[in-house]
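> One structure is given below, represented as structure tokens, and several questions about it will come after.
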Amino acid sequence: MPVHYTLGQLAELLGVECRGDAATVITGLATLAAAQPGQLSFLANRQYLADLRVTRASAVIVAAEFAGDAPCACLVSAQPYLSFARASALFDTAPAEVAGIHPSAVVDPGAELAADVSIGPGAVIGAGAVIGEGVCIGAHTVVGPDCRVGAGSRLHARVTLYHRVRIGAQCVIHSGAVLGADGFGFAPGPQGWEKVHQLGGVWIGDGVEIGANTTIDRGALDDTVIGDGVIIDNLVQIAHNVRIGDGSAIAGCVGIAGSAVIGKRCTIAGGAGIVGHVEIADGVHVTGMTMITGSIAERGSWSSGTTMDTTRNWRRNAVRFAQLDKMARRLARLEARLDGLNRDKDNDNSEAHKV
Amino acid sequence: MPVHYTLGQLAELLGVECRGDAATVITGLATLAAAQPGQLSFLANRQYLADLRVTRASAVIVAAEFAGDAPCACLVSAQPYLSFARASALFDTAPAEVAGIHPSAVVDPGAELAADVSIGPGAVIGAGAVIGEGVCIGAHTVVGPDCRVGAGSRLHARVTLYHRVRIGAQCVIHSGAVLGADGFGFAPGPQGWEKVHQLGGVWIGDGVEIGANTTIDRGALDDTVIGDGVIIDNLVQIAHNVRIGDGSAIAGCVGIAGSAVIGKRCTIAGGAGIVGHVEIADGVHVTGMTMITGSIAERGSWSSGTTMDTTRNWRRNAVRFAQLDKMARRLARLEARLDGLNRDKDNDNSEAHKV
Amino acid sequence: MPVHYTLGQLAELLGVECRGDAATVITGLATLAAAQPGQLSFLANRQYLADLRVTRASAVIVAAEFAGDAPCACLVSAQPYLSFARASALFDTAPAEVAGIHPSAVVDPGAELAADVSIGPGAVIGAGAVIGEGVCIGAHTVVGPDCRVGAGSRLHARVTLYHRVRIGAQCVIHSGAVLGADGFGFAPGPQGWEKVHQLGGVWIGDGVEIGANTTIDRGALDDTVIGDGVIIDNLVQIAHNVRIGDGSAIAGCVGIAGSAVIGKRCTIAGGAGIVGHVEIADGVHVTGMTMITGSIAERGSWSSGTTMDTTRNWRRNAVRFAQLDKMARRLARLEARLDGLNRDKDNDNSEAHKV
């Protein structure tokens, strides 16, 4: 049976004001355009105001200024998107993991498990691992020796933690993520690359979310460190000894090279790259597919690349990019010639006056 | 024992004309350059015409216009590459999966499996999952609760489907792919990011191929939708609520941000990025590593970036890129000055006439 | 108990000169800044000379010229970073895999295993696979039919080898890597894309390291080939029929398209892309996030893209990029006009002389 709440209950749970019939029963969430009677929607962006005016939702979460535009009951919130996020938790019907240890799981006798953990089919827990209260470990997830997983954290199916990876409390780690693989460290030797063994670990703070198939390498000597409340999307590569400050957000397909230090509350958009050994201040924003090649000392937004164009136009301009330095020199030469001409003209004029 | 066909059988199976000895036995496929007697090759690109003329293959698939260049028997096809693709299916000797359910698989009693499925070692099938006829589920693949996998589809080893993921018929999903992980949705709250629970699902059409370690997130409220016949390469990130139209092709390392809508029969080359909430028309082509930052209303090809150069030259020009706006202003100023000079000259000339 | 060596033992094992008390006991490695008494550090980059002068390490690996700057015992090496790499192997305390075959592993009776292999929980070894001496196969790793894994190689947890993948000796393959999935080959047919079955395999040389969640596709007809001593970082995509020469290094998030041939000892920095069917000479370096769109005939360094800037400045310049061809034409026109003016002036002057 689906979840349901009355509007009055929701107002109380979300800490917002109810305008309309508090007894209205809400059975789910939907966008303004797709909502049906019985559903709750929200307006977080005034771009969708036209949708609000014709929504079939039974109620909407809105800021006070737009409550008058709603054709239905309202939950009036100072931060509608935040209230919607909290409502989404109430209506989440994802199946709960079964408590207990699946008989096919392989738990080392030297691992320490809280009483109420959920360990899925085929999960492997190594010697010396410590699994906190309420932790869920998904099917076929491998937790290496001497790892720690803090209370309330959830590792979905098919995650790998190598040895000595520390996960804080209340984290979510998605399927396919690999934490603690060797950093990419090699020294050139007489017969080719020689491996620098990676002796550090990985330290993940509390309340961190890590996306599917993301990789976070262990440190060479010190740990790779992800601060509290950091959110990381899918297919992100975080190299050895990177440090990411609390509350930063890293979107999909970002690559961060070794020993880069990212500040707190930074937002790195999709596909961006950050070279190694740089320091990025708190609150920096990096736009999509930008390459950060140096340190950034102050908050602000940074970009690189060129804007999209038709391939036909782009090709014409891209050819010119390779001539840009020459164009700049030609431009400077023209300026000098024109300055010369003017000087000549002034001289001519002066001479003319003499005439 | 390897597969073998006579040339006559192949002509019939491929629906093409046989020129040469129909009794010739063919035991495999090879490129024109590498082919040995007993093998079949093909010419799909006239760039390889020189290779055709000296190939040791026993037969080649060619267009009629090049049949005369072949030193061997020919299978004459109006579409040689398509005929080759079909021949590749005949000579595929990949080991078949064993039918039946491996004893180490963990199948929930509430799952519904067709009689002839193949479920590999350690595979996990959740409650309420429905697995169609002839489906192969590889080793350690995890199919979450309430998923549906259509007839004839194959999930290779180590795939994850979260709950409520729908796969159509005749799909191929490669190892490490993760479908239905949470979309990257968070609202900024007073104590940091608050998760927007992702209540939608993933809907994959029929005849879709999804590459290794590709990730397709579940929708926030509605489903993420991949149309029929879409082909997706490795390490592609498809965010929540993306919709991809029938027959589109997405090459490796592409990232598509949330709620982007891609048309039918689009081709997105490797490493390209598409920002969220844009609409791309049918038949659009995006070149490699291009960033698409806005909607595209009509078919056509789009690009961004700069062309490759030696680092020495590139550096000179890249420095100028940062001066480009100033250069444009200087250029405009020069034009104005020159216009001024000409006006002066004309005036001088007029005055001269007055003299 | 942690590893420990005397400085004298280390000097002998590393083949370097000991200056100071050879009886000093070393229990671990650390950076110059973080080192504590009892630890060994190193100076490989003179940028850290200030750290050397105040390090608390009991000993440091240094070049002879900097030995005088160390406040502690020295291991004097002509190649300090290489000596450090070798020391890192001595101090690696990663837990060893348990020898033997875990009871939950699924080993086909037709597979051939050396006597001393280690096969982890849930690992699957297919029919006809040959696993060499001292090989470690991690938990839930799937080795397909007819694969070969050479002596001393280690496949970490959750690796997939499809059928007929050949791994050389002394390789390391990290968690989540997928080798031998189908190349992305499709022919356009009347009803949409038709799959080109991928009949080749994957051939990996000796001493190769492959990062977490990296994908290497099988060849269409011939094999995809990775030479001896190649090192590949995380989340790299290597398409069908790519060939990479011995000793090349590929950093994270690189994508290499089908049939590209990379020379020996190339270094491809993070996020770069290489299009299909190109040939790259030995010793080529590609800088981060560069797109290589053509063949490169000689060693050298190549780049593309633009440098980072504040978004505000970048936007001004990026707008001009789209006008670049027009700017170039305006520049040429200005030059012509100025040449014309000068000619006129010369004429005027000549005429003036006539006066």
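The values are calculated or read from the model by the stated rules, or taken from the named source; none is laboratory data. Every value quoted in this text rests on a predicted model; they were computed, and no experiment measured them. Here Cβ is always computed from backbone atoms with ideal geometry, including for glycine, and neighbour counts include all displayed protein chains. Only protein heavy atoms, including side chains, enter the accessible area calculation; ligands, DNA and RNA are left aside. Shrake-Rupley method; radii C 1.70, N 1.55, O 1.52, S 1.80 Å.
> If you bin the C-alpha pair distances of the protein assembly as shown every 20 Å from 0, what whole percents do you get?
12, 39, 32, 13, 3, 0
> Could you state how much accessible area A:LEU341 has, in square angstrom rounded to the nearest 10, with a 1.4 Å probe and all protein chains kept in place?
The accessible area of A:LEU341 comes to roughly 20 Å².
> Determine the alpha carbon to alpha carbon distance for each of A:LYS326/B:LYS326; B:LYS326/C:LYS326; A:LYS345/B:LYS326 and list only those over 19 Å.
A:LYS345/B:LYS326
> In nm, to one decimal, how far is the A:ARG46 label point from the C:GLU133 one, both placed 7 Å along Cα→Cβ?
Rounded to a tenth, the inter-label distance reads 7.6 nm.
> Could you work out how far apart the two model spin labels at B:ARG333 and C:THR93 are, taking each label as a point 7 Å from the Cα in the direction of the beta carbon, and quote it in nm?
Computed distance between label sites B:ARG333 and C:THR93 equals 6.5 nm.
> Hey, can you grab everything whose amide H is under 5 Å from the amide H of C:GLY300? Only 5+ residues off in sequence or another chain; H modelled, so Pro and N-termini drop out.
HN-HN under 5 Å from C:GLY300: C:VAL284, C:HIS285.
> Follow-up question, since we're still on this one. What are the nm distances, shortest first, from C:ASN45 to its equivalents in the other copies, labels at 7 Å along Cα→Cβ?
In ascending order, 4.0, 4.1 nm.
> Nearest 500 deg cm²/dmol is fine: what mean residue ellipticity at 222 nm does chain C get from its DSSP H runs of n ≥ 4 alone, each adding -39,500 (n - 2.57), divided by its residue count?
-6000 deg cm²/dmol
> Now, a different point. Apply 1/(1 + (r/R0)^6) to the Cβ-Cβ distance of B:ASN347 and B:ASN313, taking R0 = 45 Å, and write down the FRET efficiency to the nearest 0.05.
0.50
> Rounded to the nearest 20 Debye, what is the dipole magnitude of the range B:15-72 about its Cα centre when Lys and Arg each give +1 and Asp and Glu each give -1 at the C-beta?
120
> Then there's this: For the pair B:ASP108 and A:ARG299, how long in nm is the line joining their label points, each one 7 Å along Cα→Cβ?
Going from the B:ASP108 label point to the A:ARG299 one covers 4.5 nm.
> So how strong a dipole does the range C:164-314 carry about its Cα centre when Lys and Arg Cβ are +1 and Asp and Glu Cβ are -1, to the nearest 20 debye?
Dipole about the Cα centre, nearest 20: 160 debye.
> Roughly how big is chain C's charge dipole about its Cα centre, with Cβ charges of +1 (Lys, Arg) and -1 (Asp, Glu), in debye to the nearest 20?
1420
> Using the alpha-carbon atoms, what tilt in degrees (0 to 90, nearest 10) does helix B:324-354 show relative to the longest principal axis of chain B?
Tilt of helix B:324-354: around 30 degrees.
> Hey, could you grab the Kirkwood Rh for chain C? Inverse mean 1/r over distinct alpha carbon pairs, Å, one decimal.
24.6
> Right, next: Just tell me how shielded C:8-16 is by partners: mean number of partner chain Cβ atoms within 10 Å of each residue's Cβ, no decimals.
For peptide C:8-16, the averaged partner shielding equals 0.
> Would you work out which of A:ALA251, A:SER153, A:MET291 lies farthest towards the positive end of the dipole of chain A, given +1 charges on the beta-carbon of Lys and Arg and -1 on that of Asp and Glu, about the Cα centre?
Going by the charge dipole, the pick is A:MET291.
> Let me ask something additional. Could you pull the Cα extents of the range C:1-114 along its three principal axes, largest to smallest, in whole Å?
Projected onto its principal axes, the Cα set of the range C:1-114 covers 63, 26, 25 Å.
> Is there a simple number for the mean count of other chain Cβ atoms within 10 Å of the Cβ of residues in C:136-147, and what is it?
Counting Cβ atoms of other protein chains within 10 Å of each residue's Cβ and averaging gives 5.
> Around A:GLY168, which amide H atoms from residues at least 5 apart in sequence, or from another chain, sit under 5 Å from its own amide H, with H modelled in the peptide plane?
Counting only residues 5 or more places away or on other chains, the set is A:GLY150, A:ILE204, A:GLY205.
> Show the residues, 5+ positions off or on another chain, whose built amide H is closer than 5 Å to the amide H of B:THR6.
Amide H neighbours of B:THR6: B:ILE26.
> Also: Using the Karplus curve 6.51 cos²θ - 1.76 cosθ + 1.60 with θ = phi - 60°, work out ³J(HN,Hα) for each residue of the range A:88-103 in order, rounded to whole Hz, and write x for Gly and Pro.
Using θ = phi - 60°, the values come out as 4, 5, 5, 9, 6, 10, 4, x, 6, 6, 6, 5, x, 9, 4, x Hz.
> Using only Cα atoms and rounding to the nearest 10 degrees, what angle (0 to 90) does helix B:311-321 make with the longest principal axis of chain B?
Result, in degrees: 60.
> Using θ = phi - 60° and the Karplus relation 6.51 cos²θ - 1.76 cosθ + 1.60, list the HN-Hα couplings for the range C:168-184 in order, rounded to whole Hz, with x at every Gly or Pro.
Calculated HN-Hα couplings, in order: x, 7, 6, 8, 10, 10, 8, 4, x, 5, 10, 10, x, 5, 5, x, 8 Hz.
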